[in-house]
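A quick write-up on the structure given underneath.
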Amino acid sequence: MKKVLKLAVVSLMLFSFLIPYTAFAETDNSDTEWQDIGISQEEFYALLAENADNAITTYEDGLITTYAISMAQDGNKLTIVGLTRGRTDVTKCGFTKVTVQQRKNSSSSWSNYLTYTDLYADTFAYNLFREIFVPRGYQYRVTCTHYAKKNAFSTQTRDNFTKVYQF
């Protein structure tokens, strides 16, 4: 009898591992895409709108649906804002690389001043906000690569850049 009972319990446990189930996690109702942003949504989108040469671009084909990068200057402070939005089935979204480039006012070649890598969120949207202080006497621009991932076999990148600012 003990043997039959043990076999029944073990069979029931093995069978329970084969049944799919869904687990739900409770959220704190905060908007996760705004957790790393030090300004309001209105200020964020106003900074993005300042870059008329590179306005928010809607991309209809692929995993990335909307992307933008922009910067603004205030004295020697450079504010960088960007966004990457994917379809709702995207599981990881952001930037593989964001590079601040500089060149002397009389030069034609750009050099990398500062690079951020692997800026992601495990969701379908990512907003970028960075403030840095830069030396005067240079021109600056930001280049970046937007990134979206649905699964191991389905990813997409888009290169982008800002207009040039004189300091």
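The values are calculated or read from the model by the stated rules, or taken from the named source; none is laboratory data. Predicted, not measured: the structure shown is a model, and the values here were computed from it. Cβ: placed from backbone, ideal geometry, glycine included. Neighbour counts: every protein chain shown. Accessible surface is based on the protein model in full, side chains and every heavy atom, while ligands, DNA and RNA are left aside. Shrake-Rupley method; radii C 1.70, N 1.55, O 1.52, S 1.80 Å.
Hey, any idea what % of the stretch 89-167's accessible area is carbon plus sulfur with a 1.4 Å probe?
Numbers: 1920 of 4130 Å².
In the stretch 89-167, the share of accessible area belonging to carbon and sulfur is 47 percent.
Restricting to DSSP loop positions (anything but H, G, I, E, B) with no more than 11 other Cβ atoms inside 10 Å of their own Cβ, which trypsin sites (Lys or Arg not before Pro) remain in the stretch 111-161? Display every interim value, and only then the final one.
On the way: sites: ARG130, ARG136, ARG141, LYS149, LYS150, ARG158; in loops: ARG136.
Here the trypsin sites (Lys or Arg not before Pro) that fit, given the DSSP loop and packing criteria, are ARG136.
Taking H placed 1.01 Å from N in the peptide plane, check which residues at least 5 places from LEU78 or on another chain put their amide H under 5 Å from its amide H.
Placed amide hydrogens put ILE132, PHE133, VAL134 under 5 Å from LEU78.
Taking amide H positions as placed in the peptide plane 1.01 Å from N, state which residues far from TYR113 in sequence (5 or more) or on other chains have amide H under 5 Å from it.
Excluding prolines and chain starts, which carry no amide H, the hits are VAL100, GLN101, GLN102.
Could you do me a favour and compute the accessible area per residue for the stretch 94-143, 1.4 Å probe, result in Å²? Mind dumping the intermediate values first?
On the way: 2550 Å² over 50 residues.
Result: 51 Å² per residue.
Based on the mean of other beta carbon atoms within 10 Å per residue, what is the order of 103-113, 64-74, most packed first?
Numbers: 103-113: 10.8, 64-74: 20.3.
The peptides rank, most packed first, as 64-74, 103-113.
Among the listed pairs LYS77/LYS150; LYS97/LYS163; LYS104/LYS149, which are separated by more than 28 Å between their Cα atoms?
Values: LYS77/LYS150 36 Å; LYS97/LYS163 17 Å; LYS104/LYS149 37 Å.
The answer is LYS77/LYS150; LYS104/LYS149.
So what J values fall out for the stretch 104-110 if you push phi through Karplus, 6.51 cos²θ - 1.76 cosθ + 1.60 with θ = phi - 60°, rounded to Hz, Gly and Pro as x?
Whole-Hz 3J(HN,Hα) from phi for the stretch 104-110: 4, 4, 9, 8, 10, 10, 8.
Find out how many positive minus negative residues lie around PRO135, taking Lys and Arg as positive, Asp and Glu as negative, among other residues whose Cβ is under 13 Å from that of PRO135. Kindly include the intermediate steps, with their values, before the conclusion.
Details: positive: LYS77, ARG103, LYS104, ARG136; negative: none.
Value of the local net charge: +4.
Listed highest first by mean packing, meaning other Cβ atoms within 10 Å per residue, what order do 81-89, 118-126 come in? Mind showing how you got there, number by number?
Numbers: 81-89: 21.2, 118-126: 17.1.
Averaged packing, sorted descending, gives the order 81-89, 118-126.
Along the stretch 156-167, what does the Karplus equation 6.51 cos²θ - 1.76 cosθ + 1.60 (θ = phi - 60°) give for ³J(HN,Hα), rounded to whole Hz, x for Gly and Pro?
8, 10, 9, 7, 7, 7, 9, 6, 8, 10, 9, 10
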